[in-house]
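Colleague: Questions regarding the structure given below will be posed in turn.
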Amino acid sequence: IELVNFPDAKQEKAKVMICQLDFDQMAYDQGSKLCFVSNTQKNRDYIRNYLNIAIRQRVDLLVFPELVIPSEFVEELVMVSAQYDMYIVGVTHYKQVEDGFLSICPIVTPHGVFSTEKITPSPYEVSSFKNRSDGAINGKRIYRLQGTKIGDLAVAICMDYTDDELRVALGKDDLDFLVVTAFNSKTDEFACTMQSDVQRSSD
């Protein structure tokens, strides 16, 4: 876990926008094991609709689900973040590395981009064969941002949130936001864990 300290004064309140996309409206390229968001004009326009709402509403934190933003679109998000002082999370996509593909979530901030990696890929993402580079591999780095205008923030990508040790290591009870970006049909498991975390928290 890598700590990054920001110099911002913490706001009393933060306006958050959580996007629930219609995945049937989006185009994907299917690899042998993984799905990649297509960098089509239609996909980019669909994402821009949400960005425009966030800009009009003066949102502080904009959250997308996992695997809905083309990696090529990150540059535009960086410009929006800088211009409107907005934090954007859920820009999750696969990045090809030597051993396979890393699932990364760039946390786009007015101070730069910090790419959290998925530590525990889903069984559906891992290659069925050894020594194959067509599936997701384990990440190694998660960022915890401290002292932002919306407080202390961390992101857990999908299955990482179900890891008790990881949540404790992130200091989940001291965070202002622990954002879970996921593309997963088993939402009840996540909801139960979230409810337990909230009930057991001292604050």
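Colleague: Within the group Leu51, Leu67, Leu34, which residue is within 30 Å of Glu12 (Cα to Cα), of a type outside the set (Ser, Thr, Tyr), open to solvent by less than 30 Å² (accessible area, probe 1.4 Å) and in contact with a strand residue (DSSP E or B) (Cβ under 9 Å, 6 or more places away or on another chain)?
Modeller: Leu51
Colleague: Tell me the residue from Gly135, Gly100 that is open to solvent by less than 40 Å² (accessible area, probe 1.4 Å) and at positive phi, please.
Modeller: Only one candidate passes the filter, namely Gly100.
Residues checked against (1) over 20 Å from Leu145 (Cβ atoms); (2) in a helix (DSSP H, G or I); (3) modelled with pLDDT of 90 or more; (4) in contact with a Gly (Cβ under 6 Å, 6 or more places away or on another chain):
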| position | (1), (2), (3), (4) |
| --- | --- |
| Asp24 | yes, yes, no, no |
| Val59 | no, no, yes, no |
| Glu66 | no, no, no, no |
| Gln83 | no, yes, yes, no |
| Ile88 | no, no, yes, no |
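Colleague: Identify, by number, the condition in (1) in a loop (DSSP other than H, G, I, E, B); (2) more than 17 Å from the chain's Cα centre (by Cα); (3) closer than 13 Å to Leu67 by Cα that Gln20 doesn't meet.
Modeller: Among (1) in a loop (DSSP other than H, G, I, E, B); (2) more than 17 Å from the chain's Cα centre (by Cα); (3) closer than 13 Å to Leu67 by Cα, the lone unmet condition for Gln20 is (2).
Colleague: Which number in (1) touching an Asp or Glu at 6+ places or on another chain (Cβ under 8 Å); (2) of a type in the set (Ser, Thr, Tyr); (3) surrounded by 13 or more Cβ atoms within 10 Å (Cβ to Cβ) marks the one condition that Ser201 misses?
Modeller: Only one criterion is unmet by Ser201, namely (3).
Colleague: Determine which member of the set Val78, Val89 is open to solvent by less than 50 Å² (accessible area, probe 1.4 Å), in contact with a strand residue (DSSP E or B) (Cβ under 8 Å, 6 or more places away or on another chain) and either of a type outside the set (Val, Ile, Thr) or under 24 Å from Phe23 (Cα atoms) (or both).
Modeller: After applying the criteria, what remains is Val89.
Colleague: Tell me whether the range 161-184 contains one or more residues that are among the small types (Gly, Ala, Ser), at pLDDT below 85 and closer than 30 Å to Phe36 by Cβ.
Modeller: yes
Colleague: Just name the residue that is most open to solvent (accessible area, probe 1.4 Å) out of those in the range 4-17 that are assigned to a loop (DSSP other than H, G, I, E, B) and not basic (Lys, Arg).
Modeller: Taking the candidates together, the pick is Glu12.
The values are calculated or read from the model by the stated rules, or taken from the named source; none is laboratory data. The structure presented is a predicted model; accordingly, all values stated were derived computationally and were not measured. Neighbour counts run over all protein chains shown; Cβ positions are idealised from the backbone, glycine included. SASA here: full protein model, heavy atoms, side chains in, ligands and nucleic acids out. Shrake-Rupley method; radii C 1.70, N 1.55, O 1.52, S 1.80 Å.
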